[in-house]
Amino acid sequence: MRRSTTIKSMAVVAALGLGLTACSSSSSPKAGGSGGKGNVAAETLYLEDNTGATSFTEDFNPFDGNSFGRTQNTDSLIYEPLLQYDTLNPSQAPTPWLADKIDWSADGKTATIHLHAGVKWSDGSPLTSADVAFTYQLVTDDAAANTQGVPKAASISTPDADTVVLSFASPEMASAQAIGNQLIVPKAQWSSISSPATAVIKSSQAIGTGPYLVDAFTAQKVTYKTNPSYWGGKPKVPEVAVANYASNDAATTALAQGQLDLAGNDINNVLTSFVAKDSQHNHLFQTDAPYFPAGNTVALLLNTKSPTAPALGDVAVRKAISAGIDRASMASQCETDYELPASSSGGLTLPLDQSSLNPATANDLKPASDGTAVQSLLSADGYTKTGGKWTKGGKTISFTIIDPNSFTDYWCDAKAMQQTLNGLGFDVKINGDMDYNGWNTAITTGKYDVALHWGQGTTAFQRLQFILDSTLTSPVGQPSAGDFSRYQSSAADAAVKQFQNATTPADQQSALNALQQELSTDVPAVPVLYGAAWYEFSTANFTGWPTKDNPYVNPSPQDQAYEYMILHLTPVK
């Protein structure tokens, strides 16, 4: 079983815990025409992603995190956002889409949306401000449907058919990307749906503004055809197909044999298993290690309120754990150099967030284990070695790391950390005997000690907010939207609020610096690795893919990125 590090918004974290993961589903091989190695119809783009189910379920509800479109990252083939963002380049202005632009008032409390002219729904009716206003009112009223983390609007108005005004009680410029990312639905259809977060939308009911329509649905394969009413013109890729595979090995084999054009998988020995099978056509984002762009910061979450590991409430212990782990060894031996060692204790993802990095936290994490630092930190904190274990008040620094052993790389990381830390005098156990749901529930409800997990969010602020914002957490036993370390800091909360209220880039950076310093100083989570944005592609049938030399979009599995990417492709035929 493999991991999927698809990045979800804070609201998705709230609804689903930590996001989607791991095992693939069963399928039959694709029937074939020409192109590639003779197994793929040259003008049908085949992609594969994770589901965690044995078969596809016909549900195209963009507000349901468990629907087919959401889990397969194809929602935006049907439903579209106002703006498109390249998260590999945070400083780049968003690309106009359903909206030409969104203007913000100087105080950050009003967003005026200017819609693109001539956009039609797939049933032929025009997109108007009423549809957009309805969508934002829907996610304002129904928290479960708010999968993009859109802030609640105090009022929504439509001055004309092409303009929507969102007014907020407090500055919300920090949520500009969440607002721009919101997928828009037709009011005429959705106003009669009583439970938008759980409604089942069949393929025939999936009405959107996007470039594709569902053509055929089966439990093992779903195909999309072009939308003849698409406002952006006819897509060059005439058909998109999503296939279901029984295992990671089956998907890897399909990739190697030219049966897939696009995948977002963690593949063992990817150069040998995939690239070398057809070096002319099989490619990765970049040719040198780590091969994939960094998309998040993998961190060791430390439950500061764990009743079974009280030592984690001690900041000196948390710092010692960070000093003791061997990031370089984990990166090479467990992550096969797909993910580089984290170098900053501030928690941002580098080099992605380089422009937001607090200089005080630059290159302050050593790649190798630092036993001297561990000795210094714990001795100064009153610990002494007894029987080879750091002990204070008759108790060792005891905790259990949980990660499903089916996450083969994270399980390898857990074993490596256990061995290294125990060798330094800690008392560490590991537990991998659980499935994703049990693991996810343990973390979101605070019933765990320590867990390694990929980061959340698509901006520098969201990545830090996920770890540090105490308003996202809940009492132990209740699911939380974030701050799974149950960490409470008035300084961190003040910095979160400062960023949310900021109206200038300088004020935002000041808040980001404070958040990074707080994470570095108090260490409620330990930055370990820079998580890979998985991405494999073939040029046998299509060209125009994003690469390190042309990073026009973050290619990792994410529905809006997939739409933007597919619209840039051209069939070889």
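Within the stretch 491-513, which residues are aliphatic (A, V, I, L, M) and either crowded, with 20+ Cβ neighbours inside 10 Å or over 23 Å from Asn303 (Cα atoms) (or both)?
Correct list: Ala492, Ala495, Val496, Ala502, Ala506, Ala511, Leu512.
Can you name every residue in the stretch 546-567 that is modelled with pLDDT of 95 or more, open to solvent by 10 Å² or more (accessible area, probe 1.4 Å) and touching a strand residue (DSSP E or B) at 6+ places or on another chain (Cβ under 7 Å)?
Tyr564
Being under 13 Å from Val450 (Cβ atoms) and in a helix (DSSP H, G or I) is the filter here; which residues of the stretch 321-336 pass it?
The answer is Ile321, Ser322, Gly324.
Does Val164 meet the test of being within 23 Å of the chain's Cα centre (by Cα) and among the hydrophobic types (A, V, I, L, M, F, W, C)?
Answer is no for this residue.
For the stretch 207-251, what are the residues that are at negative phi, assigned to a loop (DSSP other than H, G, I, E, B), small (Gly, Ala, Ser) and open to solvent by 10 Å² or more (accessible area, probe 1.4 Å)?
Within the stretch 207-251, Ala219, Ser229, Gly232, Ala246, Ser247 meet the criteria.
Return yes or no: is Asn89 part of a loop (DSSP other than H, G, I, E, B), modelled with pLDDT under 90 and within 16 Å of the chain's Cα centre (by Cα)? I'd like the intermediate steps shown before the answer.
Numbers: part of a loop (DSSP other than H, G, I, E, B): yes; modelled with pLDDT under 90: yes; within 16 Å of the chain's Cα centre (by Cα): yes.
For Asn89, the condition - part of a loop (DSSP other than H, G, I, E, B), modelled with pLDDT under 90 and within 16 Å of the chain's Cα centre (by Cα) - is met.
Among the residues that make up the stretch 219-228, is at least one of them under 26 Å from the mean Cα position of the chain (by Cα) and among the basic types (Lys, Arg)?
Looking through the stretch 219-228, at least one residue is under 26 Å from the mean Cα position of the chain (by Cα) and among the basic types (Lys, Arg).
From the list Thr543, Thr570, Thr539, exactly one residue is open to solvent by 40 Å² or more (accessible area, probe 1.4 Å), touching a strand residue (DSSP E or B) at 6+ places or on another chain (Cβ under 8 Å) and closer than 20 Å to Ala256 by Cα. Which is it?
Only one candidate qualifies: Thr543.
Each row is one residue, and each column tells you yes or no for (1) modelled with pLDDT of 95 or more; (2) within 26 Å of Ile401 (Cα to Cα); (3) touching a Lys or Arg at 6+ places or on another chain (Cβ under 7 Å); (4) not aromatic (Phe, Trp, Tyr).
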position	(1), (2), (3), (4)
Asp266	no, yes, yes, yes
Val270	no, no, no, yes
Gln286	yes, no, yes, yes
Ala323	yes, yes, no, yes
Glu339	yes, yes, no, yes
Ser355	no, no, no, yes
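Taking Gly382 as meeting all but one of (1) touching a helix residue (DSSP H, G or I) at 6+ places or on another chain (Cβ under 8 Å); (2) within 19 Å of Ser322 (Cα to Cα); (3) not aromatic (Phe, Trp, Tyr), write down the number of the exception.
Going through (1) touching a helix residue (DSSP H, G or I) at 6+ places or on another chain (Cβ under 8 Å); (2) within 19 Å of Ser322 (Cα to Cα); (3) not aromatic (Phe, Trp, Tyr) one by one, Gly382 breaks only (1).
Take the stretch 286-311 and flag every residue that is open to solvent by 40 Å² or more (accessible area, probe 1.4 Å), within 21 Å of Gly446 (Cα to Cα) and assigned to a loop (DSSP other than H, G, I, E, B).
The answer is Lys305, Pro307, Thr308.
Would you be able to say whether some residue in the stretch 481-503 is within 28 Å of Ala144 (Cβ to Cβ), in contact with a strand residue (DSSP E or B) (Cβ under 6 Å, 6 or more places away or on another chain) and of a type in the set (Phe, Trp, Tyr)?
yes
Among the residues of the stretch 317-333, which ones are of a type in the set (Ser, Thr, Tyr) and either more than 19 Å from Ala414 (Cα to Cα) or surrounded by fewer than 24 Cβ atoms within 10 Å (Cβ to Cβ) (or both)? Let's see the steps before the verdict.
Step one: of the stretch 317-333, the residues of a type in the set (Ser, Thr, Tyr) are 322, 329, 332.
Within the stretch 317-333, Ser329, Ser332 qualify.
Could you list all residues from the stretch 337-392 that are touching a strand residue (DSSP E or B) at 6+ places or on another chain (Cβ under 9 Å), part of a loop (DSSP other than H, G, I, E, B) and of a type in the set (Ser, Thr, Tyr)?
Hits for the stretch 337-392 are Tyr338, Ser343, Ser344, Ser345, Thr349, Tyr383.
Based on what the data block shows, is Ala416 crowded, with 16+ Cβ neighbours inside 10 Å, small (Gly, Ala, Ser) and either at pLDDT below 95 or not in a loop (DSSP other than H, G, I, E, B) (or both)?
yes
Can Gln488 be described as closer than 20 Å to Gly455 by Cα and either surrounded by fewer than 24 Cβ atoms within 10 Å (Cβ to Cβ) or over 23 Å from the mean Cα position of the chain (by Cα) (or both)?
Here the answer is yes, as Gln488 does meet what is asked.
Condition check ((1) of a type in the set (Asp, Glu); (2) in contact (Cβ under 8 Å) with a residue 40 or more places away in the chain; (3) under 21 Å from Ala316 (Cα atoms)) across all residues:
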position	(1), (2), (3)
Asp409	yes, yes, no
Cys412	no, yes, no
Gly423	no, no, yes
Ala442	no, yes, no
Trp454	no, yes, no
Gly457	no, yes, no
Ala460	no, yes, no
Gln498	no, no, no
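In this structure, does Asp314 turn out to be acidic (Asp, Glu), surrounded by fewer than 22 Cβ atoms within 10 Å (Cβ to Cβ) and over 30 Å from Ala540 (Cβ atoms)?
When the stated conditions are applied, Asp314 passes them.
Could you run through the stretch 140-166 and say how many residues are of a type in the set (A, V, I, L, M, F, W, C) and at pLDDT below 95?
4
For Ala254, indicate whether it is open to solvent by less than 10 Å² (accessible area, probe 1.4 Å), part of a helix (DSSP H, G or I) and more than 30 Å from Leu464 (Cβ to Cβ).
Answer is yes for this residue.
Given the conditions (1) under 20 Å from the mean Cα position of the chain (by Cα); (2) surrounded by fewer than 18 Cβ atoms within 10 Å (Cβ to Cβ); (3) not acidic (Asp, Glu), and given that Gln465 satisfies all but one, which numbered condition is not satisfied?
Condition (2) is where Gln465 drops out.
The values are calculated or read from the model by the stated rules, or taken from the named source; none is laboratory data. Quick caveat, the model's predicted, so the values are computed rather than measured. Positions of Cβ are backbone-derived with ideal geometry, glycine not excepted, and every protein chain shown enters the neighbour counts. Each accessible area value is taken on the protein alone, full model and side chains, heavy atoms only, with ligands, DNA and RNA left out. Shrake-Rupley method; radii C 1.70, N 1.55, O 1.52, S 1.80 Å.
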